[in-house]
1. I'm trying to understand the selection: among the residues of segment 16-48, which are assigned to a helix (DSSP H, G or I) and either open to solvent by 80 Å² or more (accessible area, probe 1.4 Å) or among the aliphatic types (A, V, I, L, M) (or both)?
2. Exactly one condition in (1) at pLDDT 90 or above; (2) on the phi > 0 side of the Ramachandran plot is false for Gly55; which is it?
3. Before we move on, is Asn79 at pLDDT below 85 and touching a Leu at 6+ places or on another chain (Cβ under 6 Å)?
Amino acid sequence: MFDLLIVAVLRNAEKGPLFSVAERVEMLREVTKQWTSVEIDVFDGLLVDYARKRGPALFCAESAPFPTTNMNLQMALMNRKLEPRLETVSCCRACRTAT
């Protein structure tokens, strides 16, 4: 479907995830090592700034098991306003499918 898939991990000091950024990157590299068209990257700041730098056109926002539709919609609309070429969809962790 895509020539290149970039899995970008947001570095956010305000959140306390279970795994560090380095641990998440290592796990992602391990599970995607069989695919040469997958790249793991880390970024700070706004997604739209990262997307402008890298150029992807589709962003899948991973959400809670039961997506908070209003929050995801607000994020998608703000991303589109800031960068019209960026498409944001919600991806539920529980089902791993786009919603």
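The values are calculated or read from the model by the stated rules, or taken from the named source; none is laboratory data. Predicted model only: the values in this text are computed from it and were never measured. Cβ coordinates were reconstructed from backbone atoms using ideal geometry, including for glycine residues, and neighbour counts include every protein chain displayed. These accessible areas exclude ligands, DNA and RNA; they are computed on the full protein's heavy atoms, side chains included. Shrake-Rupley method; radii C 1.70, N 1.55, O 1.52, S 1.80 Å.
1. Val21, Ala22, Glu23, Val25, Glu26, Met27, Leu28, Arg29, Glu30, Val31, Leu47, Val48
2. (1)
3. yes
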